[in-house]
1. What are the pairs with Cβ atoms under 6 angstrom where one residue, in the stretch 326-346, is more than 16 Å from Ser279 (Cβ to Cβ) and the other, located anywhere, is among the acidic types (Asp, Glu) and modelled with pLDDT under 90? Sequence gap at least six, or different chains.
2. Could you list, in sequence order, all residues of the stretch 219-247 that are of a type in the set (Gly, Ala, Ser), farther than 22 Å from Ile261 by Cβ and outside any loop (DSSP other than H, G, I, E, B)?
3. Please verify whether Ala168 is part of a helix (DSSP H, G or I) and buried (at least 22 other Cβ atoms within 10 Å of the Cβ), treating the condition exactly as stated.
4. Out of the stretch 261-288, which residues are free of Cβ contacts under 8 Å to residues at least 60 places away in the same chain, within 17 Å of Trp390 (Cα to Cα) and open to solvent by less than 50 Å² (accessible area, probe 1.4 Å)?
5. Being at pLDDT below 90 and open to solvent by 50 Å² or more (accessible area, probe 1.4 Å), is that true of even one residue in the stretch 115-133?
6. Looking at the stretch 235-260, I want the residues that are among the polar types (S, T, N, Q) and have a partner that is modelled with pLDDT of 85 or more and assigned to a loop (DSSP other than H, G, I, E, B) with Cβ atoms under 6 Å, at least 6 apart or on another chain. Which pairs are those?
7. Please go through the stretch 172-218 and give me each residue that is open to solvent by 20 Å² or more (accessible area, probe 1.4 Å), part of a helix (DSSP H, G or I) and either among the charged types (D, E, K, R) or without any contact (Cβ under 8 Å) to a residue 40 or more places away in the chain (or both), ordered by number.
8. Any residue at all in the stretch 249-260 that is among the polar types (S, T, N, Q), touching a helix residue (DSSP H, G or I) at 6+ places or on another chain (Cβ under 7 Å) and open to solvent by less than 30 Å² (accessible area, probe 1.4 Å)?
Amino acid sequence: MTGTKTTGWFSLAVVVGALGYFVDIYDLILFSVVRVPSLRSLGVPEDQILSTGIHLLNWQMTGMLLGGILWGVLGDKRGRISVLFGSILLYSLANLANAWVQTPQAYAWLRFIAGLGLAGELGAAITLVSEILPKEKRGLGTTIVATVGVSGAVVANLVARHFDWRNAYIVGGVLGLALLLMRFGILESGIFKKSTGAARRGDFSMLFTDWGRFKRYLSCVLIGLPTWFVIGVLITLSPEIAKSRGIDGVTGGNAIMYAYIGLVLGDLSSGLISQAWKSRKKVVLMFLVLTFAATVANLTVQTDVQGFYWLCLFSGFAVGYWAMFVTIAAEQFGTNLRSTVATTTPNWARGALVPIALAFQALLGRGVSHVNAAFLVGTFCVGVALLAAWGLKDTFGHDLDYLEGEIS
């Protein structure tokens, strides 16, 4: 038996990929949810919570940036399943250790290690599902993975409401370790097995030695920039942004919950629309326009606290092309580089939150208001993403059984 090829869109790999991404998102977003109470508990002064929070978030995202390369290359060299096992084990143990952290410095190191582990889950799951499902239906499989997965953020907020922040980390770690038991029933992709004799599997340098290949890769990364501007700036820093607009009482946990409810709906909608239109590109372009509209609304519409949360939901819906974005990346490249691209691309996009956050902070330091700083950075991110998406070919129904270099 060479793999888990199925005739439908539903398989054990889809179920486990969805649940794995659920735990991944739970752990990824949990820090944003418990940022303020956890830093207060560690004795961080109130006027340093924002800067310390951004510092720790940058450590987590830097870990994801490096982890994306590590797990992506490993996925093409050793297989998609090995990444699913290794990544979830690392971030589960790191999040368990977060429950006993005592200093901001130790917190930063553990967020970095957790980031390394979190980097592998989504790319490996999307790559595996894309390769085992029929080409006309793989978009449904990746949509299920993303839609179930992003709901982990909602659960993270609910758990953080009812448990101490340390116990919330324990819950995430235990969920991840429990999920490992389900992984034993999954077989490796048949398409990957056929490529095991191919040269230059997982050769990261191939992405930079050919202009056409590099342009495709860069475009795939840039499409994802607005997603982490919205999540990392508009939503994570929503208490500060809302307060600067005269809206008091907004909490980061509630803003994240509403945004991710929107993200669940957006991922489901973008996947179904893509199937109906038989196009990835048109859907991404439409959602990028929605992202700009949501950013403007989030920063300008006069409302109360509840109304602000509804704007967060709209913003989350608008960036609900995340599954489409990663699926496009997986479909743009051959089997020998597919895991490398599908894993590094979302993590470069996540890692881009570091310069995005630094640009936001730099504007604040020059006296620019929270609203204007967010608008300037967000407009740049959406503009770049629109140009990148426009230049990519549509990959709906594209045959994935080929090696990079055979098709340019």
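1. Phe333/Glu404; Gly334/Glu404; Asn336/Glu404; Leu337/Glu404
2. Selection gives Ser219, Ser244.
3. yes
4. Val283, Phe287
5. There is no residue in the stretch 115-133 that is at pLDDT below 90 and open to solvent by 50 Å² or more (accessible area, probe 1.4 Å).
6. Ser238/Val250
7. Across the stretch 172-218, the qualifying residues are Ala178, Leu181, Phe184, Lys193, Lys194, Ser205, Trp211, Arg213, Phe214, Lys215, Arg216.
8. No, that holds for no residue.
The values are calculated or read from the model by the stated rules, or taken from the named source; none is laboratory data. Note that the structure is predicted; figures quoted are calculated from it, not measured. Please note: Cβ atoms are built from the backbone with ideal geometry, for glycine as well, and neighbour counts cover all protein chains shown. To get the accessible areas, we keep the full protein, side chains included, count just its heavy atoms, and leave off ligands, DNA and RNA. Shrake-Rupley method; radii C 1.70, N 1.55, O 1.52, S 1.80 Å.
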